[in-house]
Each structure stands twice: as C-alpha cells, then as structure tokens.
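For reference, the structure discussed in these notes is given below.
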Amino acid sequence: MAVSIKTTAEIEKMRIAGKLAAEVLTMIEPHVKSGITTDELNTICHDYIVDIQNAIPAPLNYHGFPKSICTSVNHVICHGIPGNKKLKDGDIINIDITVIKDEYHGDTSKMFYVGKASILADRLSTTAREAMLVGIRMVKPGVQLGDIGHAIQKYSENENFSVVREYCGHGIGKVFHEDPQVLHYGTPGTGLTLEAGMTFTIEPMINAGKRHIKQLPDNWTVVTKDRSLSAQWEHTLLVTADGYEVLTLRDGETI
Ligand code: MF3
Ligand code: CO
Ligand code: CO
C-alpha cells in the first residue's frame, strides 16, 4: 500500500486528535498512584475521552481488544489489558492512549512511575524517551526510515538495552495502523524516503534484558521473554516542509 500524504484539512483534524490524546495523558497523571487498579485508570480515561472530549477510544473493540487504553506494567512491553491488579510503589507503567476525533486518530504513550522508580527502571525509561526523541529530531523530507531506525537502535544498544523488533511505529490517519511500518532498528540508506504531509508514530519499546518477546494466553499482552523490565514512549508526528511537528505534544513538554 502506498503511503498517504495528508491534505491541509486532514492535517488540521490530526492536530485536534493528537492534542486530545496528549491531554488524556496529562489528565491521568495524578491518578497514577499506589493502590489504583489499571482498570480504574481505564475507566477514568474512557469517561474523559467519551464524555469530556466527545471522542472515541480507538483501542476499544479494535481487533477485539476489550478495553479503552493499554496499560503495560514493568515487564509488560505493550498491549497490556487493564485489569484488577493494583499498582504498587516502584512499578513503572506505560499508558498508551489513542483517540479518534472527527474520523482521525491521535496516538501517544508515556511512562509513569508509581512512587519512586529503581535506578535501573529510571535509566530504562529515560533511555526509551531519549531513543524516541533521537528518532523524532531526524524527521524531515528526504530522510529514510532506515536512517531513523538505525539511530534509535544505536542509541538504545549503546546504553546496553535492547530494542523490541516485533512491534513498530506506523502510519496513522483515518486508519489506526496504516503504512509505513516504522521500525526502531535498521540500516542507514534503506527504507521509505519521507515526504512532507506524511503522518506516523515513533514508539520504541526498549528492554533492560534481551529483546525477545512472549505473548500471554490472553492473546494481547506482550511481555519480555526473560521477564526483564520494558519501557516505551510514543508520539504521532507530521513531516513538514523542513522538519517535523509533534501532533501529540503535551503542554510544557519539550522535544
Ligand atoms: N496504541 C497502540 C499503538 O501504539 C496500539 C494498541 S492496539 C490495541 O499502536 F488494540 F491493543 F489497543
Ligand atoms: Co502507535
Ligand atoms: Co499507541
């Protein structure tokens, strides 16, 4: 499938959807505390998206996903299903929000610490965010996706962490996951050449141990095979004439 170039009108809708997704992460932050369950976080986000934002939580019923957000705790890499387990001090959690507004998607995630994170967990989460930023800052017309994947991989592996290969960033628009696939590893000088008007996510999943994954019998939850910690950050991006725009930037966040 060809990679779509968004029109000015589509970009304006992507900006709105992206901003809403970002605002959900800001809204949920004070709730991420020891003792709350991930299902309670799900309910708060769901109600906010539906009742306040008049938007749609994209994960709900997406290929049968049963909840409105993904909550991935500690060794869970991605696609964790909110449930009745309580967060406890020292946990790290990725909350991944995707909203649909006026038919267009905004997709973003970040790590939260429950109480104080361990030195390793903090270093892992910081590295995963920095790996995302390394990729984001390269985005401009003419750059190839292999250049970006390589830079993310190099940055992460230099910190002695590993990059998950089975899941990647993705084009996004009216469709949640569309072309291109945005790998977080790769070879410079290969892959799609970016053009202004493309919209896609960068969302590296970084493991403290080996890169290998295992899927739980619920058919969604992806965990590290060696049960090491994993961290992920995600933004939705627009390729502009001379660089990038972060469509899911939060108030006060700097790239
Ligand atoms: N938000 C995830 C992503 O970044 C996808 C979640 S799909 C779901 O692409 F079904 F698990 F919600
Ligand atoms: Co995504
Ligand atoms: Co996401």
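Below is a table of values for the structure above.
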{"read-out": "Positive minus negative residues near ILE52 (Lys, Arg vs Asp, Glu; Cβ under 15 Å)", "value": "-1"}
{"read-out": "FRET efficiency estimate (nearest 0.05) - Cβ-Cβ, ALA2 to ASN158, R0 22 angstrom", "value": "0.05"}
{"read-out": "Mean projected area (nm²) of the alpha-carbon convex hull when the chain is viewed from all directions", "value": "12.5 nm²"}
{"read-out": "Solvent-accessible ranking of THR8, THR187, THR236, largest area first, probe 1.4 Å", "value": "THR8, THR187, THR236"}
{"read-out": "Nearest-0.05 FRET efficiency for ILE119 and GLU12, computed from C-beta distance (R0 35 Å)", "value": "0.20"}
{"read-out": "Gaussian network model of the chain, springs between alpha carbon atoms under 10 Å - residue of VAL73, VAL134, VAL50 with greatest fluctuation", "value": "VAL50"}
{"read-out": "Cβ-placed point charges (K, R +1; D, E -1), dipole of the stretch 106-255 about Cα centre in debye, nearest 20", "value": "540 debye"}
{"read-out": "Heavy-atom accessible surface of the chain: percent carbon and sulfur, 1.4 Å", "value": "53 percent"}
{"read-out": "Accessible surface, the chain, averaged per residue in Å² (probe 1.4 Å)", "value": "44 Å²"}
{"read-out": "In range of the label at GLU253: residues from the stretch 220-240 whose backbone nitrogen is under 17 Å from the point 7 Å along Cα→Cβ", "value": "231-239"}
{"read-out": "Cα convex hull of the stretch 1-145, projected area averaged across orientations, nm²", "value": "10.0 nm²"}
{"read-out": "Unit charges on C-beta of K, R, D, E only; dipole of the chain, Debye", "value": "680 debye"}
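The values are calculated or read from the model by the stated rules, or taken from the named source; none is laboratory data. Fair warning: this is a prediction, and the values are worked out from it, not measured in the lab. For neighbour counting, all protein chains shown are included, and Cβ atoms are generated from backbone atoms with ideal geometry for every residue, glycine included. Keep in mind that these areas ignore ligands, DNA and RNA; they rest on the heavy atoms of the full protein, side chains included. Shrake-Rupley method; radii C 1.70, N 1.55, O 1.52, S 1.80 Å.
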